[in-house]
Amino acid sequence: MIRLEKDGFKNFIEELIAEYAVFAPVMKDGKHMFGNISSVEDIDSSRLNTEMSPKEIFFPHSEVLFEYDEDGIRVADGEKKPIAVWGMRGCDARSLRMLDKVFGGDGERPDNIKFEDPYWERRYGDSLIFSVACNEPLSTCFCNWFDSGPHDSAGADIFVVDIGDAFLMDAVSGKGEEFLKGLSGSGKASEKDKKKAAVIAEEAVSLLGKKTDLGELNDKLKGLFHKPIWDSVSAKCVNCGACSFTCSTCHCFDIQDESRKGRGKRVRIWDACMFPIFTKEASGHNPRSLSKERVRQRVMHKYSYFVDNHGEFLCTGCGRCISVCPVNLDIREVIREVLAS
Amino acid sequence: MNDWQPKILAILCTWCSYAGADLAGVSRIQYPPNIRVVKVPCSGRVDPLFIMKSLQSGYDGILVSGCHPGDCHYMSGNFVARRRFAVLKPLLEFIGIEPDRVQFSWVSAGEGERFAQVVTKVTEDVKKLGPAKRLVKQV
Amino acid sequence: MNIQQELRDAARKLLAEGGVDQIIGWSSGSLPMSSTPLFAATKEEADDLIFDATCGSNLTVYFTKDRRQIARDGKKSGVVVKGCDARSIVLNLKENQIKRDDVVIIGVPCDGIIDRSKVEDKTGGREVLEFSDNGKNISVKGRGFDIDIPRTEVLSDSCISCVHPDAGMSDIFIGEPRGEQKTKDQYLSVEQFEELSAEERWERTKQEYSKCIRCYACRNVCPSCYCNECFVDQNDPQWIGKTLDLSDTIIFHVIRNLHVAGRCVECGSCERACPMDIRLLLLNRKVAKEVAERFGMETGVDPDAKPAMSDFREGEKQDFIMG
Ligand code: SF4
Ligand code: SF4
Ligand code: SF4
Ligand code: SF4
């Protein structure tokens, strides 16, 4: 474990920027989100969770896959430098691992088909993720439901704890280890530092709400598909895309061509199962024409189908959907209602 | 820039303004060749979306023209359209679109001369503004 | 007796003897400073009803769109409405979205709704864990802060210059009506924006709308936006693109504003729903101002008036038509 004095942070970020395209939490037009930074001053850590999740760094809202005209097809170049993300939260680091099961080449798939999305891979593949532990979780955080916690290092390459006057950094992956080896201006963390980190971690855990056991959730959901529970669960939902678009794990997309005479581009655009057009068929028939069917889909995908396909819930407990929902449809209450039914 | 010619979309109702344009033509009245005409059954058929879409696809100006109030072939089409435009036009100005980009007129089937004047005026106005940029979508 | 108790009693009574199947109102939300829609079908559930400065959502939305299976289709619903929400009811009655016999309107007087994003600005983004409101100030507490803020600084834009705080149309009115508010500044924000140069207005428009992520929360919470298929969802032909291209986004918002021209009640639900805190109401207000000045109309105030855009007068001002 390494100790980096806060005095040395500016230097550290500058060195990082020299080698990587660095993303970190920034304040942009009053919204807290991840942005490409050019200096340490750009970083804004005033809020715990960014309002938009960092998935947009690797899987942007609108992405041009290729452009075409009479001369042929061109695939846009990727970033010149590999991506490094400073200030990711543990939940978000884990969300990238989940998305990697879908877009990355190494994901376990029930059908054993290996598919690698090149646009995802060229960003996430050689990225360096710094998870910064959450010392003061929010009331919307429920990562503990997923056997994780505010000081969980899973999903990170380097796990960072802010102990006040310094950052403690620990390599989690081989990539992380490599990086820390070459890091200048840092020393070894002392026993005292480690103890301090442990105290902070304990306090952080104590701030979280009560954990709900999700052991039965998938089995429960399997029996509920045709049950009336969805009427009450979905009643207040207005089927916007606010939850899906801010969610760190939702990853559905649409692909469209935007063309003018003689040229055009193919774009991949975020989509959401909450929108009626998401499932509308060419005939005009919509198999999920009702609000409750769409809410059911969102819940099922996260807490049942994804578990069957990839062995874990498609939710990290980041709580963004809870704070953003215009009608306060709290996914924790939905889960509790399902478990209680 | 001097030889730049604006592209202007003219959306004309078939009963009055289109017939007015026709009359201008058969009477050999000269007017700038910058307009591309789309014929609609009535100015009431003009959805603001048509106007926005035209701005987006790069028209430098839009002219919508219908029958004079009281002369609508369908009695009230242009009255309803007028309310729509009465809100659309200030709203476009409000968000920062140049006022002269989108213009409205009433031209009857007998007003070939007037049609030519309207087109001349709109063309000159748009030439002064230069090429449209603000809502144009780059593909 | 406070208004909350009165509201619960009225709801209980309607459920017991009024032939009403459910009361649509608000209950406390799962977060501090939040409320959530409640569909109370029993007397016990009616005891969860609240009304305070967090009850922002315009519940009329549950009578429209595909949400209509909740409030319509043979059900009789009581619905709790503020001044703006009542105007939505009036509009939807006029537009045949609600049958008068299917709804019992429970009016409440409104002191204005708190805009969470404005409170967050005041706390510097720190999470609010406790919230109270004494009618003049709100106080918010969280880890390491405890502050009082004058209500006027955190009220929704929609409420700052609200003229009709009481439900204008109601079957039951709970509490003391506040009466029509005389405000000179009804369109102040619009007038200030109009003062700017075209250049500047365009820059501001761009800056504001480039934040939009096209989640459609604004449209979906709006009780006036109930088309079975919204123009942005049409794909044959597809009118506008779905990417974050700024011209597509602005066209979406301009056309939505025109679709709710003369139909928007300025409830501010859209603005509060927006996850990107886009100041959406400015355009709505501009349209409302034009509608008021040109056609002398305010949405949902006169139950007998036709919605502005489906009506006309022959001699109307047409200053924008080329002479
Ligand atoms: S749960 Fe909330 S945020 Fe998600 S679609 Fe429904 S109303 Fe929108
Ligand atoms: S479903 Fe909600 S809590 Fe779970 S990952 Fe998505 S936004 Fe976060
Ligand atoms: S547009 Fe916004 S303010 Fe107007 S009625 Fe709809 S939700 Fe309310
Ligand atoms: S709610 Fe906000 S972000 Fe979502 S579509 Fe509307 S304006 Fe855009």
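In the set A:I83, A:I43, only one residue is away from chain C (no Cβ under 13 Å) and surrounded by fewer than 21 Cβ atoms within 10 Å (Cβ to Cβ); that residue is A:I43. Is it fair to say C:L258 is surrounded by fewer than 20 Cβ atoms within 10 Å (Cβ to Cβ), within 16 Å of ligand 4 (Cβ to nearest atom), within 8 Å of another protein chain (Cβ to nearest Cβ) and touching a residue at least 12 places away in the same chain (Cβ under 8 Å)? Considered against the rule, which asks whether it is surrounded by fewer than 20 Cβ atoms within 10 Å (Cβ to Cβ), within 16 Å of ligand 4 (Cβ to nearest atom), within 8 Å of another protein chain (Cβ to nearest Cβ) and touching a residue at least 12 places away in the same chain (Cβ under 8 Å), C:L258 comes out as no. Residues that are open to solvent by less than 60 Å² (accessible area, probe 1.4 Å) and more than 15 Å from B:G112 (Cβ to Cβ) within the range B:1-31 comprise B:W4, B:P6, B:I8, B:L9, B:I11, B:C13, B:T14, listed in sequence order.
For the range C:252-277, a residue qualifies if it is within 15 Å of the chain's Cα centre (by Cα), among the hydrophobic types (A, V, I, L, M, F, W, C) and more than 9 Å from ligand 3 (Cβ to nearest atom), and the qualifying residues are C:A261, C:C274. Within the range C:266-290, restricting attention to residues that are part of a helix (DSSP H, G or I) and within 12 Å of chain A (Cβ to nearest Cβ), which residue is surrounded by the most Cβ atoms within 10 Å (Cβ to Cβ)? Checking each candidate, the answer is C:S269. Here the helices (runs of 4 or more DSSP H) wholly within the range A:300-341 that include at least 1 residues being open to solvent by less than 10 Å² (accessible area, probe 1.4 Å), more than 14 Å from every other protein chain (Cβ to nearest Cβ) and among the β-branched types (V, I, T) are A:331-340.
Residues in the range A:282-313 that are within 16 Å of ligand 1 (Cβ to nearest atom) and in contact with a Leu (Cβ under 9 Å, 6 or more places away or on another chain): A:V295, A:R296, A:V299, A:M300, A:H301, A:K302, A:Y303. If the condition is being part of a helix (DSSP H, G or I) and more than 14 Å from the chain's Cα centre (by Cα), then the range B:10-48 contributes B:A19, B:D22, B:L23, B:A24, B:G25, B:V26. Residues in the range A:50-80 that are within 14 Å of another protein chain (Cβ to nearest Cβ), in contact (Cβ under 8 Å) with a residue 60 or more places away in the chain and open to solvent by 20 Å² or more (accessible area, probe 1.4 Å): A:E51, A:S62, A:V64, A:F66, A:E67, A:Y68, A:D69.
Cβ-Cβ distances below 9 Å connect the following pairs, each with a first residue in the range C:218-245 that is within 8 Å of another protein chain (Cβ to nearest Cβ) and among the basic types (K, R), a second residue that is part of a helix (DSSP H, G or I) and more than 16 Å from ligand 2 (Cβ to nearest atom), and a separation of six or more residues or different chains: C:R219/C:F252; C:R219/C:R256; C:R219/C:C270; C:K242/C:D248.
Residues that are buried (at least 17 other Cβ atoms within 10 Å of the Cβ) and either of a type outside the set (V, I, T) or modelled with pLDDT of 95 or more (or both) within the range A:98-116 comprise A:M98, A:L99, A:D100, A:K101, A:F103, A:G104, A:G107, listed in sequence order. Just give me the residues in the range C:158-182 being farther than 27 Å from B:K89 by Cβ, open to solvent by less than 50 Å² (accessible area, probe 1.4 Å) and part of a loop (DSSP other than H, G, I, E, B), in sequence order. Answer for the range C:158-182, where residues must be farther than 27 Å from B:K89 by Cβ, open to solvent by less than 50 Å² (accessible area, probe 1.4 Å) and part of a loop (DSSP other than H, G, I, E, B): C:C162, C:H164, C:P165, C:A167, C:M169, C:S170, C:I174, C:G175, C:G179.
The values are calculated or read from the model by the stated rules, or taken from the named source; none is laboratory data. Since the structure is predicted, the reported quantities are computational estimates derived from the model, not experimental observations. Glycine also receives a Cβ, built like all others from the backbone with ideal geometry; neighbour counts cover every protein chain displayed. Heavy atoms of the whole protein, side chains included, go into the accessibility calculation; ligands, DNA and RNA do not. Shrake-Rupley method; radii C 1.70, N 1.55, O 1.52, S 1.80 Å.
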